[in-house]
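The values are calculated or read from the model by the stated rules, or taken from the named source; none is laboratory data. Keep in mind the model is a prediction, meaning the values are calculated, not measured. Counting neighbours? That spans all protein chains shown, and the Cβs are built from the backbone with ideal geometry, glycine included.
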Amino acid sequence: MAKKTAQIKITQIKSTVGGLKNQKATLQTLGLRKIGQSVVREARPEVLGMVNTVSHLVTVEEV
């Protein structure tokens, strides 16, 4: 049986204006399009790496 992973809620709190292209692409990959939008993702290594890339633009909380 598959092991359950923790869920995290990612909320965009700052704009991507003036940001690097990879940061904008990372937010889009996470599913964030505008300020105040939230998504819930599994806390897997690749997702945590993306969050680390845009940590100054988002907040993260455990669900």
### Message
What pairs come out if I take residues in the stretch 14-29 that are under 19 Å from VAL47 (Cα atoms) and pair them with residues that are of a type in the set (Val, Ile, Thr) and part of a helix (DSSP H, G or I) whose C-beta lies under 8 Å away, six or more apart or interchain?
### Response
ASN22/THR53; GLN23/THR53; THR26/THR53
### Task
Just give me the residues in the stretch 44-63 being modelled with pLDDT of 95 or more and among the aliphatic types (A, V, I, L, M), in sequence order.
VAL47, LEU48, MET50, VAL51, VAL54, LEU57, VAL58, VAL60
## Note on the structure
Here the residues within the stretch 1-42 that are among the charged types (D, E, K, R) and within 13 Å of GLU61 (Cα to Cα) are LYS9, ARG41, GLU42
### Message
Can you find, within the stretch 1-13, the residue that is surrounded by the most Cβ atoms within 10 Å (Cβ to Cβ) among those that are of a type in the set (A, V, I, L, M) and more than 13 Å from the chain's Cα centre (by Cα)?
### Response
ALA6
### Task
Give me a count of the residues in the stretch 14-36 that are surrounded by 14 or more Cβ atoms within 10 Å (Cβ to Cβ) and in contact with a strand residue (DSSP E or B) (Cβ under 9 Å, 6 or more places away or on another chain).
3
